[in-house]
């Protein structure tokens, strides 16, 4: 058994260059670990869990990804979007922060991991293709706004209702605006100002760590002056102990929809980040199926050590890259930072203001609001733009789960719509050449009144076979009684199914009865195989199949070819 196939670290670790990589990995790993502390605590609060669970989730999942992940720069652990989805999914089943809620969150991680592992083992990584970029962009932007606006409660002290619907939060905010706590608001605004200043000046100072330290020191020395500012208080010390998740059939059924959602979203996030940071010099390149296995192992084993669902982080992966990390080995040093905090430093977080954490979250999700993509799509493709807007609106106003469902449905609908009515071109000859082009794009091309050359720019299958036949019939009628030859240019057809074959066979008979011949050119191997198996090649005769349009037209006009080469073997080759 080839262990390298299943455990990617075995492939790249033996090639690890200590002299070139170790220093960079140590610095990058420590930097990510430092950023992960306040983020982990903040994201646990988003998920409705005690702060310590954010640090637990930052621990074992990193080790599992180090062993099984294929990206050299992706940083994993708790993330804002998944934390909000966790809260949205299980807050209807249990009260946030209770033992029942914690049990569900840990079981959710286990179920997410099992789903991802099964998808990976089943080589189903191609599912990433069923969510288009506009849908992902619309969902991410909306989720970022929902995540950010949910922090108003901790940022201002206003007891805003926790919700994943924008209108409910705004309504609650307006009705209680007079309850704003000035002390909390000042702490929050100062935090946001510091973080944005560091961001805009592109300083190398770790902003989240700086505001956490300042917040703790400020409340420690001046808590008497700021009595209304809410702080984290006690966080338990120590590493998480092994405990298998509590699994019951009823609980699994209740959380299965949200587990499926998290499994897919977590995978999409990881692939998107990994591909963005991937370099040609990496010893191991991103493999979608292996990434699913890595995520599955992260969440399964993480759940056994009190982790809630985890995945790749946009912000920490960027920090990891900016800090100069060379390989996945940097994660080991991030883990050492978290272990040190869990063992020795949690008491020092007693005075950490929740307003500081709210500020960190709000600033960190700003970059997820991808308004530039919306502007680009408006100028480039209006249908993609409206797909983004629909997903965005569904997520913001209906909820996270509903937004994802809308996105998936829109992606599949658009896929079906575009493949069921693909682009079709009628071709004519460029004067004094053997080249044929779309007559609607090139006015000077020559069109023979007796010949219809049709190019169908897609795979022909059950969803578009009738459209193919309808377009062919329409174009044939437009040619009128002079039409003697239909030449099907199959250059862009990479496959046909049984429905398409039956339709083509029927159309050949239909036009034969009208005295119109049907030729084929530029037929690709898989299509040739199907035409041969179905008997269409024998029915028409192999002499009606040509390697290019010019040969077909010349043969129709003269009964000969204007070349001496015998290309019969290439034209008629079929693997049957």
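Please tell me if residue 262 is at pLDDT 90 or above, within 30 Å of the chain's Cα centre (by Cα) and over 22 Å from residue 50 (Cβ atoms). No, not satisfied.
Within the option set 281, 315, 307, being in the same structural domain as residue 66 (by TED's automatic domain parsing), modelled with pLDDT under 75 and outside any helix (DSSP H, G or I) holds for one residue only, 281. Tell me, please, whether a residue that is assigned by TED's automatic domain parsing to the domain that holds residue 137 and closer than 18 Å to residue 163 by Cα can be found in region 376-385. So far as region 376-385 goes, no, none of its residues is assigned by TED's automatic domain parsing to the domain that holds residue 137 and closer than 18 Å to residue 163 by Cα. Sort out which residues of region 1-58 are surrounded by fewer than 24 Cβ atoms within 10 Å (Cβ to Cβ) and closer than 21 Å to residue 292 by Cα, and write them in order of number. Selection gives 1, 2, 3, 4, 5, 6, 7, 9, 10, 11, 12, 13.
For region 157-170, the set of residues classified as closer than 20 Å to residue 392 by Cβ and surrounded by fewer than 18 Cβ atoms within 10 Å (Cβ to Cβ) consists of 167, 168, 170, listed by residue number. Only one of the listed residues (233, 250) is surrounded by fewer than 13 Cβ atoms within 10 Å (Cβ to Cβ), in the same structural domain as residue 344 (by TED's automatic domain parsing) and either within 22 Å of residue 82 (Cα to Cα) or in contact (Cβ under 8 Å) with a residue 40 or more places away in the chain (or both). That residue is 233. Which of the residues belonging to region 66-100 are farther than 17 Å from residue 262 by Cα and in a helix (DSSP H, G or I)? 66, 67, 68, 99, 100, listed by residue number. Scanning region 326-337 turns up one or more residues that are more than 26 Å from residue 292 (Cα to Cα), in the same structural domain as residue 114 (by TED's automatic domain parsing), over 19 Å from the mean Cα position of the chain (by Cα) and part of a helix (DSSP H, G or I).
A single entry from 325, 334 fulfils the requirement of being more than 22 Å from residue 231 (Cα to Cα), buried (at least 24 other Cβ atoms within 10 Å of the Cβ) and modelled with pLDDT under 85: 325. Condition (residue is free of Cβ contacts under 8 Å to residues at least 24 places away in the same chain and out of contact with any strand residue (DSSP E or B) (no Cβ under 9 Å at 6 or more places or on another chain)) applied to region 102-120: is it met by at least one residue? The answer is no, given that none of the residues of region 102-120 is free of Cβ contacts under 8 Å to residues at least 24 places away in the same chain and out of contact with any strand residue (DSSP E or B) (no Cβ under 9 Å at 6 or more places or on another chain). Cβ-Cβ contacts under 8 Å between residues 6 or more apart (or on different chains), taken from a first residue in region 352-368 that is in the same structural domain as residue 226 (by TED's automatic domain parsing) and free of Cβ contacts under 8 Å to residues at least 40 places away in the same chain to a second residue that is assigned to a helix (DSSP H, G or I) and surrounded by 24 or more Cβ atoms within 10 Å (Cβ to Cβ), are absent.
The values are calculated or read from the model by the stated rules, or taken from the named source; none is laboratory data. Every value quoted in this text rests on a predicted model; they were computed, and no experiment measured them. Backbone-built Cβ (ideal geometry, glycine too); neighbour counts: all protein chains shown.
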